Amino acid sequence: MHALIVDDSASMRAILKRTLSERGFEVTAAGNGSDALTLMAQLAPHLVLVDWNMPGMNGFELLCEIRRQPRYASVKVVMVTTETNKAEMSHALAAGADEYIMKPFTPDVVYDKLRLAGLPVPHSEAVEYA
Amino acid sequence: MSLPRPEFDYVRRLVHTHAAIVIDPAKAYLVESRLAPLAKEHGCASLEEFLRLLQSRAFGALHREAVAAMANNETWFFRDSTPFTALAEQVIPRLLEARGRDQGLSIWCAACSTGQEPYSIAMLLRERYAPVAACCSILATDLCEAALQRAASGLYRQLEVNRGLPAALLTRYFTREGLYWQVRPEVAALVTFQRLNLAAPWPAIAPVDVLFLRNVLIYFAAETRRQVLTEVRRVLRPDGFLFLGPAETPRDLGDAFQPVEAGNYICYQPR
């Protein structure tokens, strides 16, 4: 599975890259929306994780651009954002986001959300009982 | 191990006597991690001081808090997902077919912790079975008073609603209350919370169609598992469904239950 991370924060790109790599994703990262669209055309990722607040084309505009293109209809788009306003969240879902991850998050939150988006993310083997 | 053995053994006995939970002898660190915050909360300078306080008193509220703190309260919305898919797509349709669509269903979440499981089922009923949801009831019980209070408040932190809960359901069934998310009244109205110790004699419980008893039996010794499963057999309707955790089976009660396929999930029915 190929994932494209779109975030203007280098540290957030690194966190998400490590999180996804640990579950077997091949990961590419972009720092802005227009680079993301170029990479999408080249790489045909299965999943795009999109930060909401980016300079230039913001995450919502990128989401709309992706959903405008029929060739990306099967690509899962998950918004990753500090934006926790219910109206904004509903807006993103209505515009075609498959899921919505609020910052801060843990790796398990990311994996659960990707499963909710319909992606086959393997579970960890480690189970701790009392 | 920094906790002296006699103190660790005291906690193991306390938890086993009052909740039937078996703590692995190699897991003293669980006592340290789960009781140290409680010790601090009660003004004790150390865990050892807190344990001395417990041992100096007859069993009471403080001991109940300690026992509850030792229980694993980890839970999240739609945990493991497949049981909820099985419930929605297989079990409820079969039960409604058998009962008639004008009859509500009675669902019990035993060991509900902070309430994510019963609220998940309530949302599922609202989403998929809106016409009958209002006739359905969900009983949610737990050993821990503090967990039940949190569950009944219906207030969850952002990290809690971020885990396992589809964003679409979050926007539909929660309202934002400052730093928290509040379960909406139409979901909360389906759930009744009540304290219940599964390992003690059970109060009168009306027959149930569906029983979620997930990730509970693994903490009990074989005799307690048999006792609990005997009670489950008594309260579950003859065509009712028992949902267990992924590492659990009802085999301690011999062949009293039979496995039943529900899509990709195995649940159990009385034989």
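The values are calculated or read from the model by the stated rules, or taken from the named source; none is laboratory data. Since the structure is predicted, the reported quantities are computational estimates derived from the model, not experimental observations. Glycine gets a Cβ as well: all are built from the backbone with ideal geometry, and neighbour counts include every protein chain shown.
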- Query: Where residues in the range B:120-166 are modelled with pLDDT of 95 or more and of a type in the set (Gly, Ala, Ser), which of them is farthest from residue B:92 (Cα to Cα)?
  - Reply: B:153
- Item | Selection count, the range A:62-94, where residues are out of contact with any strand residue (DSSP E or B) (no Cβ under 9 Å at 6 or more places or on another chain) and either more than 9 Å from chain B (Cβ to nearest Cβ) or among the hydrophobic types (A, V, I, L, M, F, W, C) (or both) | 11
- Message: List the residue pairs whose Cβ atoms are under 7 Å apart, where the first residue sits in the range B:93-114 and is over 29 Å from residue B:75 (Cβ atoms), the second is part of a helix (DSSP H, G or I), and the two are 6 or more positions apart or on different chains.
- Response: B:101/B:132
- The correct count of residues that are buried (at least 16 other Cβ atoms within 10 Å of the Cβ) and touching a residue at least 60 places away in the same chain (Cβ under 8 Å) in the range B:170-196 is 7
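Return the residues of the range A:103-112 that are assigned to a helix (DSSP H, G or I) and facing chain B (nearest Cβ under 8 Å); say none if nothing qualifies.
Across the range A:103-112, the qualifying residues are A:108, A:109, A:112.
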- State yes or no: is residue B:250 within 24 Å of residue B:94 (Cα to Cα) and touching a helix residue (DSSP H, G or I) at 6+ places or on another chain (Cβ under 9 Å)? yes
- Item | Search result, residues across the range B:155-200 that are under 17 Å from the mean Cα position of the chain (by Cα), away from every other protein chain (no Cβ under 14 Å), more than 21 Å from residue B:69 (Cβ to Cβ) and outside any strand (DSSP E or B) | B:188, B:190
- Message: Condition first: crowded, with 20+ Cβ neighbours inside 10 Å and assigned to a helix (DSSP H, G or I). Now tell me which residues in the range B:127-145 satisfy that.
- Response: B:133
- Collect the residues in the range B:172-185 that are modelled with pLDDT of 95 or more and not hydroxyl-bearing (Ser, Thr, Tyr), keeping them in residue-number order. B:172, B:174, B:181, B:182, B:183, B:184, B:185
- Exactly one of (1) within 8 Å of chain B (Cβ to nearest Cβ); (2) in contact with a helix residue (DSSP H, G or I) (Cβ under 6 Å, 6 or more places away or on another chain) is unmet by residue A:116. Its number? (2)
- Restricting the search to the range A:68-102, which residues are in a loop (DSSP other than H, G, I, E, B), over 13 Å from the mean Cα position of the chain (by Cα) and either over 22 Å from residue B:183 (Cβ atoms) or of a type in the set (A, V, I, L, M, F, W, C) (or both)? A:69, A:73, A:74, A:82, A:95
